[in-house]
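Only one structure is covered here, and it is reproduced in the block below.
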Amino acid sequence: MGFRWTSPLAQVLAVGVICLCCPGMFNALNSLGGGGQVDSKVGQNANVALYTCFAIFGLLSGAIHNKLGPKWTIFIGCLAYILYVGSLLCYNHTQAGAFTIASGGILGIGAGMLWTAQGAMMMAYPREQDKGKFIGYFWAIFNMGAVLGSVIALAINFNVTEPQSLGDPTYIVFLVIMGIGALTALSLAPASSVTHSNGDHIKIQEFPTWTGEIKAILKLFLEWRMVVLIPMFLSSNWFYSYHFSTVNGRYFSIRTQSLNNILYWASQIGGSYSFARVLDYQGVNRRTRALWGLAIISVAFIATWVGGIFFQRTFTVDMPKPNHDFSEGASYIGPLFLYMFYGLNDAAWQTYIYWMMGAMSNDATVLSRYAGFYKCIQSCGAAISWRINAVGTPYMTELIICFALLGLSVPGALFLAARIQDHSEEDLEPEKDSQDMDKF
């Protein structure tokens, strides 16, 4: 068959483009440290507000998505990203930190909606044997946004070596790209219209009532599969404040930060896509792939973060900003490669999380709740970590906390991976979810 806009692949690719334009551009700004502002405290506190609201509305957004559908849920989320970047542009002229922080909180609401809808589509739309591939496709397209945003920031600020905020042109370009993403969201098809090549529809439960939906969401706190993954969820964005504000934002010059981010997000593209192919390898059963995948990412993060300990010993929170530049040559290569491996590990970690949740169900309604729960816990961790960063915590302490959380995630993930089956339960009803966990 030829191209169909209502095919699962077309819809997931469309969501990838939307996330390229909105969260991708946000990631490019956020990874510069403080949203590209010299006074990073405003950006750090905006991130605290963002992830606090994200945690609350991430949990509730499963219900919102199941009622509104993907088009309007994602469109509203896109508008929140536009508001936040507009607040940074405003800050360049007014120094109105309160507006930026409030916009961060509103972005938390919108991001919770967007990412919950995206997660449900990415996990529910593909066939079981293609879930890793769809996750890889999405992650590659999405991270192209951060690469593009970093290229734009580097091009505009190439001659800037002394610390200063991003100029208006950078923010304006980002706003235009985000606007394109918001308009693209309006073209998304209803989940009920999405069909596989043989005509099969996506599995969707009928929306019960708001009370029933909230009860189904709250039951996730008692669902053992979700509970054992909480440490993994919590750790999955915790390290961003350390990566972006401490390593990149503190150690490097503004133009070098942009170059670093091009390679950081490019590493995520390669890491997610290649790791997703491993998870979809059909030569062994799904349980074996789950165990292989966990072993690979565990070895990778241990090696990377041990290297990070040696790097972190070279500068502290009490030192003046080192402002290292790529023009330094050989001494720049080691920290660059460490930063790239941080990005690669992040992509593999989150790809694995989505793949594990996708192995639990094929129902878009159930998976939207799983995605919302994941984003709730993830954002709780991010809010705490950005606050830890904002209060001037010693950098080595930040690193050790990140490393410890990643290590504590492994036992729960291993417990679940050892119980993965080759096929998801197809006929779980919302009110039976917590009772049928022993069938998984």
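Quick notes on this structure:
- The residues of the range 314-386 have, on average, 27 Å² of accessible surface per residue, using a 1.4 Å probe with all protein chains present.
- For the range 190-278, the spread of Cα positions along each principal axis, largest first, Å: 53, 37, 26
- Alpha-carbon Debye profile of the range 158-241, log10 I(q)/I(0) at 0.17 Å⁻¹: -1.06
- Per-residue packing, averaged as other Cβ atoms within 10 Å, sorts the ranges 15-25, 397-407 into the order 15-25, 397-407, beginning with the highest.
- Most mobile of Leu279, Leu68, Leu188 in a GNM of the chain (Cα contacts under 10 Å): Leu68
- As a ratio to 2.2 N^0.38 Å, the alpha-carbon radius of gyration computed for the range 197-353 takes the value 1.36.
- Over the chain: Rg over Rh, Cα atoms, Kirkwood Rh: 0.96
- Element breakdown for the chain at a 1.4 angstrom probe: carbon and sulfur atoms account for 68% of the accessible area.
- Against the main long axis of the alpha-carbon atoms of the chain, helix 40-68 sits at an angle near 10°.
- Computed P(r) (all Cα pairs; the range 103-164; 5 Å bins; percent): 4, 15, 14, 15, 17, 14, 11, 7, 3, 2, 0
- Out-of-range pairs (alpha-carbon distance over 19 Å; input Lys203/Lys375; Lys219/Lys375; Lys71/Lys133; Lys67/Lys203; Lys67/Lys215): Lys203/Lys375; Lys71/Lys133
- Label-point separation in nm, Lys67 to Glu328, each point 7 Å along Cα→Cβ: 5.3 nm
- Burial ranking of peptide ranges 285-296, 366-377, 102-113 (average Cβ count within 10 Å, highest at the top): 366-377, 102-113, 285-296
- Helix 224-235 axis versus longest C-alpha principal axis of the chain: approximately 10°, rounded to the nearest ten.
- Residues in the range 1-125 average 29 Å² of solvent-accessible surface per residue, probe 1.4 Å, ligands and nucleic acids excluded.
The values are calculated or read from the model by the stated rules, or taken from the named source; none is laboratory data. All values reported here derive from a predicted model rather than from experimental measurement. Here the Cβ is made from the backbone with ideal geometry for all residues, glycine too, and neighbour counts use every protein chain on show. Quick note on the areas: whole protein, heavy atoms, side chains included, nothing else; ligands and nucleic acids left out. Shrake-Rupley method; radii C 1.70, N 1.55, O 1.52, S 1.80 Å.
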